[in-house]
Ligand SMILES: Nc1ncnc2c1ncn2[C@@H]1O[C@H](COP(=O)(O)OP(=O)(O)OP(=O)(O)O)[C@@H](O)[C@H]1O
Ligand SMILES: [Mg+2]
């Protein structure tokens with residue numbers, strides 16, 4: 001995986017599979033400190049302690065089609081090979097929080113990549129899930145809350161409707177350029 005955005009997509013798919021109703025995704029950058037953090041939090045089924053203890057080992061998975069789950073190990077690796085820290089907290093029946101931090105300027109830090117595209121994909125492909133995205137750099141913060149969007153659009157217009165989709169695509173890209181300016 002060459003883009004952190006694809007890691008985010010992968011980790012968020014775990015949250016969707018866990019039956020989450022609300023998923024919060026933050027990308028926070030502090031250029032002055034050369035630090036960034038990615039956080040994905042869900043209210044899905046969570047994991048018990050035994051599962052949690054082994055979940056970052058690539059041979060742990062509840063998949064039946066193949067034995068190796070790579071989402072969490074790869075996300076962990078992305079942080080730890082770029083001067084950062086990975087952490088996961090989970091409570092059975094409550095939800096899960098995954099955090100990865102990075103040195104922005106580290107030679108092995110993967111680029112963020114098409115985070116806007118991932119946001120758009122998640123929002124339009126998962127009508128049963130609400131998302132809150134936060135992008136922050138210094139004083140500048142952008143937020144997208146699908147609960148607010150759904151309220152504005154009403155029940156008849158889905159977030160995946162073509163007009164909504166193209167509006168969202170532009171809105172998200174503009175905001176990400178304002179906040180990160182292509183620096184991630
Ligand atoms: N947010 C979550 N909520 C509940 N369980 C989770 C969550 N994230 C991961 N898990 C559990 O941890 C296991 C390992 O996740 P991981 O993403 O590493 O691999 P996978 O999803 O099984 O396979 P892959 O991501 O490679 O397709 C999952 O199978 C799932 O049982
Ligand atoms: Mg996975």
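One table, with the values for the structure above:
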{"read-out": "Filter result (more than 26 Å from residue 180 (Cα to Cα) and more than 16 Å from ligand 2 (Cβ to nearest atom)) within segment 1-47", "value": "21, 43"}
{"read-out": "Complete set of residues in segment 13-29 that are crowded, with 23+ Cβ neighbours inside 10 Å and within 16 Å of residue 144 (Cα to Cα)", "value": "23, 25, 27"}
{"read-out": "Residue 32 being loosely packed, with under 15 Cβ neighbours inside 10 Å and more than 8 Å from ligand 1 (Cβ to nearest atom)", "value": "yes"}
{"read-out": "Test for residue 4: is it touching a residue at least 60 places away in the same chain (Cβ under 8 Å), in contact with a strand residue (DSSP E or B) (Cβ under 9 Å, 6 or more places away or on another chain) and at negative phi", "value": "yes"}
{"read-out": "Qualifying position, being within 15 Å of residue 22 (Cα to Cα), in contact with a strand residue (DSSP E or B) (Cβ under 7 Å, 6 or more places away or on another chain) and surrounded by fewer than 18 Cβ atoms within 10 Å (Cβ to Cβ), among 123, 132, 98, 119", "value": "132"}
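Throughout, read-outs are computed from the coordinates displayed, never taken from laboratory work. Values in this document were obtained by computation on a predicted structure and should not be read as measured data. When we count neighbours, we look across all protein chains shown, and the Cβ atoms used for this are built from the backbone with ideal geometry, even at glycine.
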